[in-house]
Amino acid sequence: MTQAPLLALHSVSKRFGPIEVLHGVDLSLHPGQVHALIGENGAGKSTTMKILSGYYPPTSGQVLSNGKAVRFGSLHEGELAGIVMIHQEFNLAEQLTVEQNMFLGRELRRGLLLDKTEMRRVTRQQLARINCDIDPDTPVSRLSNSDKQMVEIAKALSRDARVLIMDEPTAVLTTRETAILFEQVRALRAAGTAVLFTSHKLDEVKDISDQVTIMRDGAVVHAGPTSEITEDAMATAMVGRDVSDLYPAKPATPPDAPVALSVRALTVPGYAQDIGFDLRQGEILGIGGLIGSGRTETMEGLVALRPAHAERVTLFGEDRHFRTPGAAQTAGLCYLTEDRKMRGLLLGRGMRENLTLQTLHKFGRPFIDTGKEEAALTAAISEFDIRAPDRGVAVGNLSGGNQQKLLLAKVMLSEPRVLIVDEPTRGIDIGTKQQIYTFLRTLAAAGHAIIVISSEMPELIGLSDRVMVMRLGRISGFAEGAAMNEETIVRLSMGLDPQAAPSLSEETR
């Protein structure tokens, strides 16, 4: 017999002004169960979770706690009721230390003084619980995104929640970190905690959840045991269309296609050494490797976002030496950052300002032609299928998928000939992934050359023509053709003998 839910929504709707974003949502979280909530970006998942946790009140319907109607006035009131939420956006004070963030607003005291000894002990204990060896004295601003997420998780686990809500907790985690997190989730389930979990990685949903609720356009379109629905059926329910052909066809790159970008002996001090490759016009080159292999830093060095030097870099046959990212952009080499929220977009500003910021010279000097900017935004909304409640919305209020499409549109205004895209679909639903994959392949077919850095193995294999694998700041090999498979890429990533892979292309570096 199923136990009564610890927390539930009954016929909940939510309006923001005249726009209704949730329509009669029902959801029940039971003790000792992991419940997955999935859907496209913009389907209403985050709004649903924020209502459950007390961040938003419902416009209509009821929030039920232990069967009784409740109305939390804030996240703090929700936490007092045992409901803890790990947000998709980091909720950390960047300039404070890990320890200070762990206890911010709930500091431990010994009399009138802070009990720093106990806070240090508990911080170390909670970090060790998830196999995280971060120094508690480290300022959060110095942490990687994955380490920040581990701190968020440790902070949430320390609060002994009876209901734990996790909004995309694995989006920036490595495979190992995800496995550690899931060990903790299973332990919480065994202890009777109700867990609500969202992820765009459907294999994770199948692995960790007992129940799944699928949302589309603000409404629940499926609810039931996870064991009774396949990943393909989940994807179809999410987007309302067949997404079995997730990756577009890959026409072979002609062997005599012009070399768009040639790099020889590129070194990024402290991160990468002796990097060399050729990228042909119309080709998509994937870059794989473990976190910390130097993939992102190498490309940042190439476009002058980091100090770097190279024996030679040529762009369409011309020798180049980029002193600034603007010089690389002007030459036609553009980089799309993996961190769209902190480095790619101004979250507090509107879509128009974000779209044109990188190319303001195209919109008038000394005064900006806002009419021309609005026309560019209209074109971008249409071309990239950017979905927003209105044109003036702050970019931080857009879903992750729509933020990523806006970032792509922003970069494309620079008219790049060679485009580097770092983690193009991190934290994005499967429908938007399909759109981005199609856009990148169409771009390649039009003669552009593209580099894709990705931590997702299926994405690397499904999208790329070849994969360059890095390890410890060096190229460990290139995989293509029949050898472009998980076995080859994993072997190269781990530093195993490349010849043990099915086959490996030899490329002069």
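Every number here is computed from the coordinates shown, using simple stated rules; none is lab data. In this text the structure is predicted, and so the values were computed from the model without any measurement. Because the Cβ atoms are built from the backbone with ideal geometry, glycine has one as well, and the counts that use them run over all protein chains shown.
Brief remarks on what is shown
- Helix 175-190 vs. the chain, principal-axis angle (Cα, 0 to 90°, nearest 10): 10 degrees
- Leading residue at positive end of dipole, the chain (Cβ point charges), from 150, 60, 220: 60
- Dipole magnitude for the chain: about 1320 debye, using +1 per Lys or Arg Cβ and -1 per Asp or Glu Cβ, origin at the Cα centre.
- Per-residue HN-Hα couplings for the range 166-172 [Karplus 6.51, -1.76, 1.60; θ = phi - 60°; Hz; x = Gly/Pro]: 10, 9, 6, x, 9, 4, 10
- Rounded to the nearest whole Hz, the Karplus-based 3J(HN,Hα) values (6.51 cos²θ - 1.76 cosθ + 1.60, θ = phi - 60°) of the range 454-461 follow the sequence 8, 8, 9, 4, x, 5, 4, 6, with x at glycine and proline.
- Long-range Cα-Cα pairs in the range 259-500 (distance over 22 Å), rounded percent: 54 percent
- Nearest-ten-degree value, helix 400-412 long axis tilted from longest Cα axis of the chain: 20 degrees
- Summarising the amide proton neighbourhood of residue 196: residues at separation of 5 or more, or on other chains, whose placed amide H is nearer than 5 Å comprise 35, 164, 165, 166.
- Counting DSSP beta bridges with both ends in the range 7-239, the antiparallel % (nearest 5): 60 percent
- Rounded to 5, the percent of DSSP beta bridges in the range 44-182 classed as antiparallel: 60 percent
- Beta-bridge orientation, the range 259-500: approximately 55 percent antiparallel, per DSSP, counting only bridges with both partners inside.
- Proximal aspartates and glutamates to residue 372, defined as alpha-carbon separation beneath 14 angstrom and excluding residues fewer than eight positions away on the same chain: 353
- Charge-dipole axis of the chain as Lys and Arg at +1 and Asp and Glu at -1 on Cβ define it, positive-most pick from 249, 105, 33: 105
- Using only side-chain charges placed at the Cβ, +1 for Lys and Arg and -1 for Asp and Glu, the dipole size of the range 7-239 relative to its Cα centre rounds to 780 debye.
- Rounded to the nearest whole Hz, the Karplus-based 3J(HN,Hα) values (6.51 cos²θ - 1.76 cosθ + 1.60, θ = phi - 60°) of the range 423-431 follow the sequence 6, x, 10, 4, x, 10, 6, 5, x, with x at glycine and proline.
- Positive end of the dipole of the chain (Cβ unit charges, origin at the Cα centre): among 19, 276, 401, the Cα lying farthest that way belongs to 19.
- Residue pairs, from the table 148/410; 206/341; 45/250; 50/201; 45/341; 362/405, whose Cα atoms sit over 23 Å apart: 148/410; 206/341; 45/250
- Exposed loop positions in the chain were taken to be GluC sites (Glu not before Pro) whose DSSP state is not H, G, I, E or B and which have at most 15 other beta-carbon atoms within 10 angstrom. Between these positions, the longest stretch is 108-310.
- Distances between placed amide hydrogens fall under 5 Å for residue 369 paired with 364, all partners being 5 or more residues away or on another chain.
- For the chain, the ratio of Cα radius of gyration to the globular rule of thumb 2.2 N^0.38 Å stands at 1.02.
- Only Lys, Arg (+1) and Asp, Glu (-1) charged, at Cβ; the range 259-500 dipole about Cα centre in debye: 560 debye
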